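Below you'll find the structure, written out as structure tokens, and then a few comments.
The values are calculated or read from the model by the stated rules, or taken from the named source; none is laboratory data. Keep in mind the model is a prediction, meaning the values are calculated, not measured. Using ideal geometry, Cβ is built from the backbone for each residue, glycine included, and neighbour counts are taken over all protein chains shown. Each accessible area value is taken on the protein alone, full model and side chains, heavy atoms only, with ligands, DNA and RNA left out. Shrake-Rupley method; radii C 1.70, N 1.55, O 1.52, S 1.80 Å.
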Amino acid sequence: MIQRNHRDKGAPRKICGTIVAIGAGAVGAVVLAPVALGAAGFTTAGIVAGSIAAKMMAATAVANGGAVAAAGSAVAVLQSAGAAGLTAVATAAVATVGGAVGWLGSLIRKPKK
């Protein structure tokens, strides 16, 4: 007697859905990262007064005893990205995180009725 493989017939659809979710997460994150930076107050003209970025900078200055944010600090890196855009490495990192979030989102399934 020949045994047939009883694979889940919905598997190809699940795989395609997962690939789409990962791609959408990666692309969405790369596209939305500059928008999010601008909304937080990190712009090409500098940090916007009264914004989240300004509050972060003030907190960093207080923590550093009144000194300007040190090079490499979160505020400095975000300001650099807001002013000049994301570097290739930062774009890859953002895409990776976005893809991971997309993959996690693909794991959420509707309950079967």
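Could you give the angle, 0 to 90 degrees to the nearest 10, between helix 88-106's Cα long axis and the longest principal axis of the Cα atoms of the chain? Between helix and principal axis, roughly 40 degrees. Compared with the dominant principal axis of the Cα atoms in the chain, helix 11-40 is inclined by about 10°. Rolling a 1.4 angstrom probe over the stretch 27-113 with all protein chains present gives an accessible area of which 74% lies on carbon and sulfur atoms. What angle do you read, to the nearest 10 degrees and between 0 and 90, between the alpha-carbon axis of helix 52-63 and the longest principal axis of the chain? Between helix and principal axis, roughly 60 degrees. For the pair V68 and L32, a Förster radius of 30 Å applied to the C-beta separation gives a FRET efficiency near 0.55, rounded to the nearest 0.05.
Pairs of lysines in the chain whose Cα atoms sit within less than 25 Å of one another amount to 6, provided the residues are eight or more positions apart or on different chains. Backbone N atoms of the stretch 37-74 closer than 15 Å to the 7 Å Cα→Cβ label point of A84 belong to residues 43-46, 71-73.
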